[in-house]
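Q: Pasting a structure here, questions to come.
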Amino acid sequence: MHYQHIRVQPLTPKIGAEVQGADLAQLSGEALSEVRQAFARHLVLVFRDQSLTRDQQKAFGRLFGELQTHPAKTHLGMPGDPEIFDVRITENTRVANGESWHTDLSCEPIPPKASALYITQTPPSGGGDTLFASMLEAYATLSPAIQQMLLGLTAYHSGWQDLRAYGVEPKPGQSYPCATHPVVIRHPDSGKPVLFVNEAFTEKIHELAPRESRAILDMLYRHIETNTRFHCRVRWRPHTLVMWDNRAVHHHAVWDYFPERRTGERVTVRGDVPPAAYRP
Ligand code: SIN
């Protein structure tokens, strides 16, 4: 890929790139078009030294689609700006957000297309990196027999399963998104197969007996978390924004800095279409 308006330095051959020369507060025209191309190619883009107000971060997110309100705000009455998901880890935090391999909100009937996290405060002693893993590669590196078996299966993604990890239990009458999606989806832009189950949200594979479902999901999660050949790791500095393709990558926030603080805000871009099954 040849870029004229930005510079793109891959983090690994499979996933992630650092982009230089893009001011996200005023991205438009050919630079925006090149950022879109880099996003499609690398799935995770890192932009350093940005200076963004909350409105500018939202405007950047809207270049990729409408912004999504987090269901904790619509369904559970969590206060704050509806289009902002706060990352605020302090010495009082008991369970850090995002500390497991996941895609954001796969429990939604139409899961988000992308997330863009802007970190403004990092732990003074280091740490607080975020890990990413390509689910295109996760599927591509399974044995053909397992790939074949997964096609045609569907899985249940439960928002409550994710919330329970944070100690939140449903109160009577409270609802929260849950959805069924194909285990292998067709990436809406590239058409490639993507493994679409994640440990935070996916509860079971419908077509299998409970013990079989547990064993297959656990095998897939171990495949994802141990295969460092399709991971990348982002080391944050204050005023870094990272955008990821939420349909095609998992991420995992590393909480190795307690009791220090890490602060940022995320905008989440709505998906356009429900995940469709991949058909070879
Ligand atoms: C998240 O969106 O899950 C948070 C990621 C992070 O804090 O690095």
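The values are calculated or read from the model by the stated rules, or taken from the named source; none is laboratory data. Treat the numbers as computed from the prediction; the structure is a model and nothing was measured. Here the Cβ is made from the backbone with ideal geometry for all residues, glycine too, and neighbour counts use every protein chain on show. What goes into the accessible areas is simple: the full protein's heavy atoms, side chains included, and nothing from ligands, DNA or RNA. Shrake-Rupley method; radii C 1.70, N 1.55, O 1.52, S 1.80 Å.
Q: For the range 89-115, which positions are near the ligand (Cβ under 10 Å from one of its atoms) and farther than 26 Å from His223 by Cα?
A: Within the range 89-115, just Ile89 meets the criteria.
Q: Restricted to the range 19-38, and to residues that are touching a Phe, Trp or Tyr at 6+ places or on another chain (Cβ under 8 Å) and under 23 Å from Arg233 (Cβ atoms), which residue is surrounded by the fewest Cβ atoms within 10 Å (Cβ to Cβ)?
A: So, considering only residues that are touching a Phe, Trp or Tyr at 6+ places or on another chain (Cβ under 8 Å) and under 23 Å from Arg233 (Cβ atoms), the one surrounded by the fewest Cβ atoms within 10 Å (Cβ to Cβ) is Ala38.
Q: Quick one: which of Val168, Val184 is of a type outside the set (Ser, Thr, Tyr) and modelled with pLDDT of 95 or more?
A: After ruling out the rest, the residue left standing is Val184.
Q: Report the residue count in the range 111-158 for those that are crowded, with 17+ Cβ neighbours inside 10 Å and modelled with pLDDT under 95.
A: 0
Q: Also, quick follow-up: Within the range 169-190, which residues are crowded, with 16+ Cβ neighbours inside 10 Å and not charged (D, E, K, R)?
A: Tyr176, Pro177, Cys178, Ala179, His181, Pro182, Val183, Val184, Ile185, His187, Pro188
Q: Just give me the residues in the range 40-51 being under 14 Å from Met243 (Cα atoms) and open to solvent by 20 Å² or more (accessible area, probe 1.4 Å), in sequence order.
A: Ala40, Arg41, Arg48
Q: Touching a strand residue (DSSP E or B) at 6+ places or on another chain (Cβ under 7 Å) and either of a type in the set (Gly, Ala, Ser) or away from the ligand (no atom under 15 Å from the Cβ) (or both): is that true of Pro275 in this structure?
A: Here the answer is yes, as Pro275 does meet what is asked.
Q: Something else now. Could you check the range 200-246 and list, in sequence order, the residues that are within 16 Å of the ligand (Cβ to nearest atom), closer than 27 Å to Pro177 by Cβ and either open to solvent by 30 Å² or more (accessible area, probe 1.4 Å) or in a strand (DSSP E or B) (or both)?
A: Within the range 200-246, Thr202, Glu225, Leu241, Val242, Met243, Trp244, Asp245 meet the criteria.
Residue-wise test of (1) among the hydrophobic types (A, V, I, L, M, F, W, C); (2) out of contact with any Ser or Thr (no Cβ under 6 Å at 6 or more places or on another chain); (3) farther than 22 Å from Arg233 by Cβ.
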position	(1), (2), (3)
Tyr3	no, yes, yes
Val8	yes, yes, no
Thr12	no, yes, no
His42	no, yes, no
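Q: While we're here: Before we move on, is Pro71 open to solvent by less than 10 Å² (accessible area, probe 1.4 Å) and either modelled with pLDDT under 95 or within 18 Å of the chain's Cα centre (by Cα) (or both)?
A: Criteria met by Pro71.
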